[in-house]
Amino acid sequence: MKPFITCLLLLLNWCAAAQTPDSLAPAARPAPTPPAGAAVVLAPNDTLFRVYGRVGSFGPRERAEAIQGRLRALLDAPLFAPDSLYVVDSERDSEIMYADAHVLSVGEAEAQALGQPRQAVARQYLATLRRQLTAAQQASSLPALLQRGALAVLSCSCWPG
């Protein structure tokens, strides 16, 4: 009797495995992978955000490099004030500007990649830029440099040797 039950269970298991899936049942879909973008990095290797898609002849990597160059130039400007960055919305994209200078464009590619409206993404990028550029300015300010210098002198003078 045991061999009969074992054979019956194996047969039922084989029949269940051989059935084709129901064509009307929803198929399991893999989770969507976010599109590849290029990171906009501010020294020392701090990723601010990612840019996606092309703008003119610039792909994501070229856009990120150009944005990084503009950010370095802003930080080198003696009178740069991060709070003076602002967003200008147009029909096709949102521009983050400083005075009359273009800093970066936020387009539909960024909005789709992040699943948010373009204007909201631009304001998030603006807030990130203001916060990170202010921190970078403070880190390279005269009091911060003097403090680091004093700590270096103290650590050398206290070192046994």
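No value in this document is a laboratory result; all are computed from the given coordinates. Everything numeric here is computed off the predicted structure, so don't read it as measured data. A quick note on method: Cβ atoms are made from the backbone with ideal geometry, for glycine too, and the neighbour counts reach across all protein chains shown.
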Which residue out of 112, 119, 124 is assigned to a helix (DSSP H, G or I), closer than 16 Å to residue 40 by Cβ and of a type in the set (S, T, N, Q)? 124
Scan (1) crowded, with 16+ Cβ neighbours inside 10 Å; (2) within 15 Å of the chain's Cα centre (by Cα) for the single condition residue 94 breaks and write down its number. (2)
How many of the residues making up the range 43-66 are within 21 Å of residue 137 (Cβ to Cβ), in contact (Cβ under 8 Å) with a residue 60 or more places away in the chain and assigned to a strand (DSSP E or B)? 3
Provide a single number: the residues in the range 70-103 that are of a type in the set (A, V, I, L, M, F, W, C), touching a helix residue (DSSP H, G or I) at 6+ places or on another chain (Cβ under 7 Å) and in a strand (DSSP E or B). 4
